[in-house]
Amino acid sequence: MKYAFFPGCVSRGGCPELYPAVLKVCERLDIELEEMYGASCTGSGILQEKNEFLGDTLNARTFAMAEQMGLPIMTICSTCQGVMSQANKRLRDDPAHLAEVNETLKEEGLEYRGTAEIKHIMWIMVEDIGIEELKKKFVRALPDLKLAPFYGCYIVRPSWALEFDSHPGRERSLEALIEAVGATVVDFSGKTRCCGFPILTINEKNSLAMVANHTSEAQSLGADAMVTPCPLCHLNLDSFQPKAASQNGIRIHMPILHLPQLVGLALGFSPKEMGLGRHIVSPRRIEEKVAEAAKV
């Protein structure tokens, strides 16, 4: 399997541990990546609120680059996946809009023909590799871990852009992967809600309240950690968790794992190789349980 790799901004910025973890995991899973150097930010949904045409043009540029490569696009960010899926849907459904966007792309000698496929690494693991085949590659079971899934916003809605009708398994793909590594799923009400990151700079108090609500709920239900396929969610839930706990006057210690880190641990990589030491909230309990699992 080969994909045009769109790492996004955060995996090499705010969450630099994610990028190398993904490369290691993909190599072990025989996923060949051709990185899309020069591709731009998706706009993160924020740009689209102000200028949808500009946002769609930026994404169409990326799609056109992937068409030239002859490859589907792999994302590692829920926000990137959602924004790109929505842009692709608008471009495919409106020929006039696509033609107008292509007029702008002509300046770079690009044209988007509407054939791009964008898939999050989570979906690739579940749909393209398959859970049973994935489990065959695992060398370490993690049965002592209790993990709360956190999808975030953009990879679960709007469903019309994310092809849930034709891929119903996407609704619980994160739970399926948690179960695949042998861990116990800790279901909680906030798993498909916003992490608070989009409003962090304009309403920090409410953003931190959302962080506190999600992490404390998972903690109260006995989760050892939360797992997310979105680095923006990770950034907010991990980096701002201490401040959120202080604001709400409660004690919270909830490690946040990137999905590729979890899969990497099951594939036999060490916590250090997966970059767990770079997290703000210490994942020491996870490291200890992984060490115990390695002895079995």
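Each row is one residue, and each column tells you yes or no for (1) modelled with pLDDT of 95 or more; (2) among the acidic types (Asp, Glu); (3) in contact with a helix residue (DSSP H, G or I) (Cβ under 6 Å, 6 or more places away or on another chain).
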{"position": "46", "(1), (2), (3)": "no, no, no"}
{"position": "49", "(1), (2), (3)": "no, yes, no"}
{"position": "52", "(1), (2), (3)": "yes, yes, no"}
{"position": "55", "(1), (2), (3)": "yes, no, yes"}
{"position": "58", "(1), (2), (3)": "yes, no, no"}
{"position": "66", "(1), (2), (3)": "yes, no, no"}
{"position": "69", "(1), (2), (3)": "yes, no, no"}
{"position": "72", "(1), (2), (3)": "yes, no, no"}
{"position": "84", "(1), (2), (3)": "yes, no, yes"}
Legend entry - Candidate set: the range 266-296, residues that are part of a helix (DSSP H, G or I) and open to solvent by less than 40 Å² (accessible area, probe 1.4 Å); chosen: the one farthest from residue 143 (Cα to Cα): 276
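Please pick out the residue among 189, 173, 207 that is in contact (Cβ under 8 Å) with a residue 40 or more places away in the chain, more than 18 Å from residue 86 (Cα to Cα) and hydroxyl-bearing (Ser, Thr, Tyr). Full working, then the answer.
Details: 189 fails: in contact (Cβ under 8 Å) with a residue 40 or more places away in the chain; 207 fails: in contact (Cβ under 8 Å) with a residue 40 or more places away in the chain.
Being in contact (Cβ under 8 Å) with a residue 40 or more places away in the chain, more than 18 Å from residue 86 (Cα to Cα) and hydroxyl-bearing (Ser, Thr, Tyr) holds for just one of 189, 173, 207, which is 173.
Answer yes or no as to whether residue 254 is touching a residue at least 12 places away in the same chain (Cβ under 8 Å) and touching a Ser or Thr at 6+ places or on another chain (Cβ under 6 Å). Steps first, answer last, please.
Details: touching a residue at least 12 places away in the same chain (Cβ under 8 Å): yes; touching a Ser or Thr at 6+ places or on another chain (Cβ under 6 Å): yes.
Yes: the conditions hold for residue 254.
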Inset, instruction - Name the single residue, out of those in the range 115-170 being of a type in the set (Gly, Ala, Ser) and modelled with pLDDT of 95 or more, that is nearest to residue 227 (Cα to Cα). - result: 148
Inset, instruction - Filter the range 147-173 for residues that are open to solvent by less than 10 Å² (accessible area, probe 1.4 Å) and hydroxyl-bearing (Ser, Thr, Tyr) and give the result. - result: 151, 173
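What helices (runs of 4 or more DSSP H) lie completely within the range 26-121 and have 1 or more residues being closer than 30 Å to residue 150 by Cβ and open to solvent by 20 Å² or more (accessible area, probe 1.4 Å)?
Because the criterion is at least 1 residues that are closer than 30 Å to residue 150 by Cβ and open to solvent by 20 Å² or more (accessible area, probe 1.4 Å), the helices (runs of 4 or more DSSP H) in the range 26-121 that meet it are 46-50, 52-69, 78-93.
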Legend entry - residue 144 being open to solvent by 60 Å² or more (accessible area, probe 1.4 Å) and in contact with a strand residue (DSSP E or B) (Cβ under 9 Å, 6 or more places away or on another chain): yes
Legend entry - Count of the range 191-215 residues which are farther than 25 Å from residue 264 by Cβ and in a loop (DSSP other than H, G, I, E, B): 7
Inset, instruction - Take the residues in the range 139-178 that are of a type in the set (Phe, Trp, Tyr) and not in a helix (DSSP H, G or I), then tell me which one is farthest from residue 236 (Cα to Cα). - result: 164
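Just checking, how many residues over the range 3-25 are in a loop (DSSP other than H, G, I, E, B) and open to solvent by less than 30 Å² (accessible area, probe 1.4 Å)? Quick ask: steps written out before the conclusion?
So the first thing to find is which residues in the range 3-25 are in a loop (DSSP other than H, G, I, E, B), and the list is 7-9, 13-17.
If we keep only those that are open to solvent by less than 30 Å² (accessible area, probe 1.4 Å) too, we end up with 7-8, 15, 17.
Final tally of qualifying residues: 4.
The values are calculated or read from the model by the stated rules, or taken from the named source; none is laboratory data. Keep in mind that what you see is a predicted model, and the values were worked out from it rather than measured. Note that we place each Cβ from the backbone using ideal geometry, even for glycine, and neighbour counts take in every protein chain shown. The accessibility values were calculated without ligands, DNA or RNA, using every heavy atom of the protein model including side chains. Shrake-Rupley method; radii C 1.70, N 1.55, O 1.52, S 1.80 Å.
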